[in-house]
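Engineer: Okay, here's the structure, questions in a sec.
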Amino acid sequence: MLNSAITHRPRTLWSALRHGPVAIDGQHVSVGTVLYHHNENYYHWIIEQLLKLRAIEHYENQTGDEVTLIVDSDAPTFVFEFLDICGYDESDLLLWDGEPLRVERLILPSHPEPTPGTLSWLEDRVTTAVSCPRSDSDWLYISRQQAKRGRRIQNYSEIKELFEQYNIRPLSPEKLTLKEEICAVRNATGIIGPHGAGLTSIIFGDQLDVVEIFNRVIKAPYYTLSYLKGHNYQALSGEPVGDARRELNKNMIVDTQQLEQILQHTLDR
């Protein structure tokens with residue numbers, strides 16, 4: 001939405017940059033901040049935007065100002081689910097459609113970084129608001145079999161048999177509400193899944209075993225989150241297969257023997 005506004009309103013932007021505030025008819029905000037969600041990625045929303053709320057609320061406590069959250073009107077559903085869980089309602093938000101908007105004072109929080117403090121703040125905020133009925137602790141497989149961007153397990157039928165043997169329950173986050181997903185992770189003892197945004201929810205679990213599967217393209221955010229949360233983390237590299245514009249998004253064949261060795265070692269500890 002922000003990119004669209006800049007592209008389609010270059011004169012307004014140029015005038016504001018050169019001459020200062022310009023006359024704008026329409027929406028007006030006294031004190032506001034932009035929670036800008038540039039794509040549908042769950043990880044980037046939580047880590048790069050949602051964690052800003054901690055700094056925004058600190059600013060409100062220090063100044064007494066109420067800060068309006070300016071959010072894309074077409075943001076994914078989970079954006080509004082998270083804001084609701086964190087205690088924000090419609091009166092706290094301005095749904096921005098990209099049209100010129102006058103903001104008297106724009107608050108720009110520092111770019112957040114995941115730290116033990118910020119993750120603890122978010123976990124406390126979310127788990128206080130979401131009441132999860134206790135269930136038998138189990139392992140979850142965060143599935144990407146329906147993912148648009150690949151990283152699906154090509155030999156899933158073989159892996160599924162192994163999961164059944166070890167009582168690992170497949171979970172498709174796109175079929176759950178946010179609260180259902182949080183509760184599933186809260187009740188889990190272990191999480192396994194291909195590299196992808198679905199693993200972000202490990203920040204809501206306690207003392208988890210985490211097994212991340214790569215297709216030989218290694219990225220570290222979920223190792224970092226596991227380290228900060230004190231989870232036990234292991235990685236497994238599969239064989240990339242198929243075509244994809246980016247190597248990162250290729251599907252993979254997972255060696256069932258290697259995966260079983262990891263599961264045996266982890267579950268027998």
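Engineer: For residues in the stretch 223-242 being polar (S, T, N, Q) and in contact with an Asp or Glu (Cβ under 8 Å, 6 or more places away or on another chain), which is surrounded by the fewest Cβ atoms within 10 Å (Cβ to Cβ)?
Structural biologist: Applying the filter and picking the extreme gives Asn232.
Engineer: State yes or no: is Gly198 in contact with a Gly (Cβ under 8 Å, 6 or more places away or on another chain) and either closer than 23 Å to Cys86 by Cβ or surrounded by fewer than 21 Cβ atoms within 10 Å (Cβ to Cβ) (or both)?
Structural biologist: Spelling it out, it is not the case that Gly198 is in contact with a Gly (Cβ under 8 Å, 6 or more places away or on another chain) and either closer than 23 Å to Cys86 by Cβ or surrounded by fewer than 21 Cβ atoms within 10 Å (Cβ to Cβ) (or both).
Engineer: Go through the residues of the stretch 157-166 one by one and say whether even a single one is buried (at least 20 other Cβ atoms within 10 Å of the Cβ) and either touching a Ser or Thr at 6+ places or on another chain (Cβ under 9 Å) or hydroxyl-bearing (Ser, Thr, Tyr) (or both).
Structural biologist: Yes, the stretch 157-166 contains a residue that is buried (at least 20 other Cβ atoms within 10 Å of the Cβ) and either touching a Ser or Thr at 6+ places or on another chain (Cβ under 9 Å) or hydroxyl-bearing (Ser, Thr, Tyr) (or both).
Engineer: In the set Arg169, Arg144, Arg125, Arg149, which member is charged (D, E, K, R), in contact with a strand residue (DSSP E or B) (Cβ under 8 Å, 6 or more places away or on another chain) and either within 20 Å of Tyr43 (Cα to Cα) or buried (at least 18 other Cβ atoms within 10 Å of the Cβ) (or both)?
Structural biologist: Arg144
Engineer: Can you confirm whether the stretch 79-99 contains a residue that is in contact (Cβ under 8 Å) with a residue 60 or more places away in the chain, farther than 24 Å from Gly198 by Cα, in contact with a helix residue (DSSP H, G or I) (Cβ under 7 Å, 6 or more places away or on another chain) and crowded, with 16+ Cβ neighbours inside 10 Å?
Structural biologist: Looking through the stretch 79-99, at least one residue is in contact (Cβ under 8 Å) with a residue 60 or more places away in the chain, farther than 24 Å from Gly198 by Cα, in contact with a helix residue (DSSP H, G or I) (Cβ under 7 Å, 6 or more places away or on another chain) and crowded, with 16+ Cβ neighbours inside 10 Å.
Engineer: Go through the stretch 184-253 and tell me which strands (runs of 3 or more DSSP E), entirely inside it, have 2 or more residues that are touching a residue at least 40 places away in the same chain (Cβ under 8 Å) and small (Gly, Ala, Ser).
Structural biologist: Working: elements: 188-194, 209-214, 232-237, 239-241, 251-253.
Filter on the stretch 184-253 gives 188-194.
Engineer: From the list Arg149, Arg169, Arg134, which residue is among the charged types (D, E, K, R), touching a residue at least 12 places away in the same chain (Cβ under 8 Å) and in a strand (DSSP E or B)?
Structural biologist: Being among the charged types (D, E, K, R), touching a residue at least 12 places away in the same chain (Cβ under 8 Å) and in a strand (DSSP E or B) holds for just one of Arg149, Arg169, Arg134, which is Arg169.
Engineer: Report, by residue number, each residue of the stretch 100-117 that is surrounded by 14 or more Cβ atoms within 10 Å (Cβ to Cβ) and either aliphatic (A, V, I, L, M) or touching a Pro at 6+ places or on another chain (Cβ under 6 Å) (or both).
Structural biologist: Leu101, Val103, Ile107
Yes or no, residue by residue, for (1) farther than 30 Å from Gln62 by Cβ; (2) aliphatic (A, V, I, L, M); (3) modelled with pLDDT under 95; (4) within 17 Å of the chain's Cα centre (by Cα):
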site: Ser131; (1), (2), (3), (4): yes, no, yes, no
site: Leu140; (1), (2), (3), (4): yes, yes, no, no
site: Gly150; (1), (2), (3), (4): yes, no, yes, no
site: Leu176; (1), (2), (3), (4): yes, yes, yes, yes
site: Ile192; (1), (2), (3), (4): yes, yes, no, yes
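Engineer: Somewhere in the stretch 254-263, is a residue of a type in the set (Asp, Glu) and either exposed (fewer than 13 other Cβ atoms within 10 Å of the Cβ) or under 19 Å from the mean Cα position of the chain (by Cα) (or both)? Break it down into steps so the answer makes sense when it comes.
Structural biologist: Start the filter on the stretch 254-263 by keeping residues that are of a type in the set (Asp, Glu), which leaves 255, 260.
Pick out the ones that are also either exposed (fewer than 13 other Cβ atoms within 10 Å of the Cβ) or under 19 Å from the mean Cα position of the chain (by Cα) (or both) and you get none.
No, the stretch 254-263 contains no residue that is of a type in the set (Asp, Glu) and either exposed (fewer than 13 other Cβ atoms within 10 Å of the Cβ) or under 19 Å from the mean Cα position of the chain (by Cα) (or both).
Engineer: Please indicate, with yes or no, whether at least one residue in the stretch 219-233 is in the same structural domain as Arg152 (by TED's automatic domain parsing), more than 20 Å from the chain's Cα centre (by Cα) and aliphatic (A, V, I, L, M).
Structural biologist: Taking every residue of the stretch 219-233 in turn, none turns out to be in the same structural domain as Arg152 (by TED's automatic domain parsing), more than 20 Å from the chain's Cα centre (by Cα) and aliphatic (A, V, I, L, M).
The values are calculated or read from the model by the stated rules, or taken from the named source; none is laboratory data. Only a predicted model underlies this, so the values are computations on that prediction, with no experimental measurement involved. Reconstructed Cβ throughout: ideal geometry from the backbone, glycine too, with neighbour counts over all protein chains shown.
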